[in-house]
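Structure first, then comments.
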Amino acid sequence: MWLWAVLAGFVALMALVVVGSVTRPTPPGFAATPLTPRARPESLAGPDTVTLDARADDRWTRFDLARRTVAAGGEPWDLGVKRHHLVVKGGTGLGGAGGVLRLDRPFADIMEAPPDGYAPSRVTPGGDTVNATFDGWYRYGYLSHLLTPRPATFVLRTHDGRFAKFSILNYYCPGADPGCLTLVYTYQGDGTRRLGPTRSDEGTIQDSVTAAPRPPTTAHDRP
């Protein structure tokens, strides 16, 4: 009898796998945001929503939060993205003062960056650039094979020692193509750790949720 029970369980499991593969949901997808460099803000800027094209698995897209643009070779940057891998510009061999910490709290609740606890990135003996703080930023669906962002907020110390916060909203381009990372972020340009608006900020903080199609604009060398 036990053999029949095991066989029945196996058949049921295979049925779930088949049904899951046939009924795989289609995730929302967003095209990369057209990004034009802006002047570096001298005060609180955001929240702003951008989608970065990071589909290449052998090249990094390097994002400068202050200028709201993808950095070309030699330009400053803060956040590097390659598929589902993320790093910051800070750590041995990378230069910059960048670091990151994770808070399991809603984006809107983070009003001030913590004073310490920021982890820099590192280069492994094999030459890969990694930052363990970003490990597990997503849930993987074993039946759907989709990545879903976890509800967390990352507080980032930028390459020049300023502060920002961001949450990852989505990982897919149109057509369920993986590698378009959509994030919402706020950047503080005055050097303080304040990341939430005050009454004096009303009318000066703009939301921008843009997902217009454009040719990919990426930086293709390793951070």
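Some values worked out for this structure:
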item: Test for residue 167: is it touching a Gly at 6+ places or on another chain (Cβ under 6 Å) and among the small types (Gly, Ala, Ser); result: no
item: Selection count where residues are of a type in the set (Lys, Arg) and either touching a Gly at 6+ places or on another chain (Cβ under 9 Å) or surrounded by 14 or more Cβ atoms within 10 Å (Cβ to Cβ) (or both), scope the stretch 170-201; result: 2
item: Residue in the stretch 142-150 that is of a type in the set (Val, Ile, Thr) and surrounded by fewer than 23 Cβ atoms within 10 Å (Cβ to Cβ) present; result: yes
item: Count - residues of the stretch 143-168 that are under 26 Å from residue 66 (Cβ atoms), under 14 Å from the mean Cα position of the chain (by Cα) and assigned to a strand (DSSP E or B); result: 10
item: Residue check, residue 113 buried (at least 19 other Cβ atoms within 10 Å of the Cβ) and either closer than 22 Å to residue 169 by Cβ or in contact with a strand residue (DSSP E or B) (Cβ under 6 Å, 6 or more places away or on another chain) (or both); result: yes
item: Residue within the stretch 21-34 that is assigned to a helix (DSSP H, G or I) and modelled with pLDDT under 80 present; result: yes
item: The stretch 91-107, residues that are modelled with pLDDT of 95 or more and not in a loop (DSSP other than H, G, I, E, B); result: 99, 100, 101, 102, 103, 107
item: Residues that are within 15 Å of the chain's Cα centre (by Cα), charged (D, E, K, R) and crowded, with 20+ Cβ neighbours inside 10 Å, drawn from the stretch 51-75; result: 53, 62, 64, 68
item: Residue 117 vs. criteria at pLDDT 95 or above, touching a Leu at 6+ places or on another chain (Cβ under 8 Å) and outside any strand (DSSP E or B); result: yes
item: Flag for residue 48 being on the phi < 0 side of the Ramachandran plot, among the acidic types (Asp, Glu) and surrounded by fewer than 24 Cβ atoms within 10 Å (Cβ to Cβ); result: yes
item: Boolean, residue 83 is of a type in the set (Lys, Arg), surrounded by 14 or more Cβ atoms within 10 Å (Cβ to Cβ), out of contact with any Cys (no Cβ under 6 Å at 6 or more places or on another chain) and modelled with pLDDT of 90 or more; result: yes
item: Number of the exception - residue 139 against (1) part of a strand (DSSP E or B); (2) in contact (Cβ under 8 Å) with a residue 24 or more places away in the chain; result: (2)
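Results for (1) charged (D, E, K, R); (2) over 30 Å from residue 146 (Cα atoms), shown as yes or no for each residue.
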{"position": "76", "(1), (2)": "no, yes"}
{"position": "85", "(1), (2)": "no, no"}
{"position": "89", "(1), (2)": "yes, no"}
{"position": "103", "(1), (2)": "no, no"}
{"position": "120", "(1), (2)": "no, no"}
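The values are calculated or read from the model by the stated rules, or taken from the named source; none is laboratory data. Just so you know, these numbers come straight off a predicted model, no measurement behind them. Please note: Cβ atoms are built from the backbone with ideal geometry, for glycine as well, and neighbour counts cover all protein chains shown.
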